[in-house]
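The structure appears below as structure tokens.
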Amino acid sequence: MGRRRNTRFDVAVTGMGLVTPAGIGVEANWARVCSGRSTASRDEALAGLPVDFSCRVPDFDPGALLGRRLAWRLDRVSQLALVAAREAVADAGLDPKTWDGARVGVVVGSSFGGAATYEREHARVLEEGPEWVSPLLMVMAPVNMSAGYLAIDLGAVGPNLVVSTACAAGSTAIGTARQLLEADMCDVVIAGGTESTSTRTTMASLHRMGALSVRRDDPQAASRPFDADRDGFVAGEGAGMLILERAADAQARGARVYAHVSGYGATADGHHPSAPHPEGAGAQRAVRAALADALVEPADVGHVNAHGTSTPLNDVTESRVIRQVLGDGPAVTSTKGVIGHLIGAAGAVEAAYTVLAVHRGQIPPTANLTSRDPEVTVDVVGKETRAVRLSAAVSNSFGFGGQNSVLVVTAA
């Protein structure tokens with residue numbers, strides 16, 4: 001939960017790195033997300049499955065980006081994280097060769113870790129025998145390893161952890177990083193999320209539980225948050241990393257500040273393994289807690305980057321939560337219409353998009369919104385970007401298990 005304060009604790013976002021289906025790099029991401037064009041397409045790795053499409057990172061060559069020797073030793077989930085983290089560090093104007101690594105922390109959100117490596121090696125032990133299982137499995141697949149590899153690569157040897165709160169994990173990581181800074185456990189935190197879990201087993205299970213869109217005839221139209229014709233989400237992969245510093249420290253070193261992370265709220269529904277609470281009770285408490293933590297009034301929030309999964313239950317419930325807590329004022333968008341659902345990375349990538357919206361005064365559209373569900377009674381941005389001056393915005397993330405994480409972003 002967030003807490004009531006007498007003074008606000010602002011954390012400066014001084015750098016960002018994005019590797020998503022919208023592209024590699026912050027500028028490529030922002031251009032594609034603002035275009036409102038979906039990235040979903042047929043996925044050769046899923047050929048023959050009932051759902052054979054996803055949102056993949058385009059033209060991702062880990063050997064070229066990281067070096068072949070390093071790339072070979074990493075699961076794709078860590079490759080994505082490392083490329084995004086390197087971009088974020090450079091964007092912040094920091095140099096790992098000169099910083100005090102003991103004062104640099106790493107917090108990564110991920111739900112599945114190296115799922116592809118686990119699946120590959122499990123098939124190998126069944127088909128070829130135990131002597132053929134890779135000895136690198138235990139340093140590639142565990143969920144903690146992405147944070148470990150970031151520390152090794154960047155010399156960030158302060159607090160190092162992975163948080164796993166399903167689809168809220170990336171947001172939880174940023175909130176946790178903010179708490180580390182407030183506790184003076186470090187001066188800089190590399191925080192975000194990473195996921196690459198569109199494996200055959202995972203996708204088959206998600207389809208069986210009815211979570212995925214089955215729009216095989218038109219994958220680009222499949223992810224359609226808040227639309228009356230939505231039928232499930234489209235799975236994606238990617239990583240988003242933010243460089244966070246105390247606002248006073250960022251100012252003292254003359255850093256460029258995109259925006260501030262000023263509030264964090266976290267709750268549990270305690271209701272159902274996969275369905276949201278019907279009244280969104282836990283989500284409401286998370287939003288209210290984040291606002292209280294940021295000392296921000298509901299009327300001050302001009303934008304919500306919604307969890308907006310394109311599933312029948314989530315979108316209606318979330319719209320009720322937004323209206324109940326924030327009224328009908330905020331302009332709402334879901335960038336999952338473009339990049340799909342990045343699971344454990346979703347909250348971090350969407351937090352970065354929220355930071356960019358506040359920094360640039362521009363809200364991306366919700367892709368594929370052609371006929372808004374009549375039960376969705378909030379102001380959903382559709383068709384094209386909306387220019388608006390923002391003093392405060394909210395980024396919502398909700399996950400299986402009823403885990404809710406909400407961030408409040410304010411103008412620098």
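A few remarks follow.
- Criterion: closer than 29 Å to Pro219 by Cα and basic (Lys, Arg) - qualifying residue of Arg285, Arg360, Arg323, Arg372: Arg372
- Yes/no for Thr370 being over 18 Å from Ala259 (Cβ atoms) and not assigned by TED's automatic domain parsing to the domain that holds Ala248: yes
- Residue among Gly327, Gly340 that is in contact with a helix residue (DSSP H, G or I) (Cβ under 7 Å, 6 or more places away or on another chain) and modelled with pLDDT of 95 or more: Gly327
- Scanning segment 119-143 for residues being under 22 Å from Gly175 (Cα atoms) and loosely packed, with under 15 Cβ neighbours inside 10 Å gives a total of 0.
- Selection count, segment 374-412, where residues are surrounded by fewer than 21 Cβ atoms within 10 Å (Cβ to Cβ) and under 15 Å from the mean Cα position of the chain (by Cα): 1
- Looking at Thr311, Thr385, Thr333, just one residue is more than 18 Å from Ala283 (Cα to Cα) and among the polar types (S, T, N, Q), and that residue is Thr385.
- The set of residues from segment 207-227 being farther than 23 Å from Val332 by Cα and either in a loop (DSSP other than H, G, I, E, B) or touching a strand residue (DSSP E or B) at 6+ places or on another chain (Cβ under 6 Å) (or both) comprises Met209, Gly210, Val214, Arg215, Arg216, Asp217, Asp218, Pro219.
- Residue check, Pro142 under 28 Å from Gln403 (Cβ atoms) and in contact with a Cys (Cβ under 9 Å, 6 or more places away or on another chain): no
- Among residues of segment 115-141 that are under 25 Å from Gly344 (Cβ atoms) and at pLDDT 95 or above, none has a beta-carbon under 8 Å from a residue that is loosely packed, with under 10 Cβ neighbours inside 10 Å and not small (Gly, Ala, Ser) at least six positions away or on a different chain.
- Near pairs, Cβ below 9 angstrom, 6+ apart or cross-chain, from segment 383-397 (among the basic types (Lys, Arg)) to any residue that is assigned to a loop (DSSP other than H, G, I, E, B): Lys383/Gly36; Lys383/Pro365; Lys383/Leu369; Arg386/Pro364; Arg386/Pro365; Arg389/Gly302; Arg389/Gly361; Arg389/Ala411
- Residue within segment 300-319 that is free of Cβ contacts under 8 Å to residues at least 60 places away in the same chain and more than 20 Å from Val234 (Cα to Cα) present: no
- Residues of segment 93-112 satisfying the condition of being closer than 15 Å to Gly238 by Cβ and in a loop (DSSP other than H, G, I, E, B): Ser110, Ser111, Phe112
- Qualifying residues in segment 25-54 (those that are part of a strand (DSSP E or B) and in contact with an Asp or Glu (Cβ under 7 Å, 6 or more places away or on another chain)) - the one surrounded by the fewest Cβ atoms within 10 Å (Cβ to Cβ): Arg42
- Scanning segment 307-356 for residues that are on the phi > 0 side of the Ramachandran plot and either touching a Gly at 6+ places or on another chain (Cβ under 9 Å) or of a type in the set (Phe, Trp, Tyr) (or both) yields Gly308, Ser310, Gly340, Ile343.
The values are calculated or read from the model by the stated rules, or taken from the named source; none is laboratory data. This one's a predicted model, so the numbers in the text were calculated from it and none came from an experiment. Counting neighbours? That spans all protein chains shown, and the Cβs are built from the backbone with ideal geometry, glycine included.
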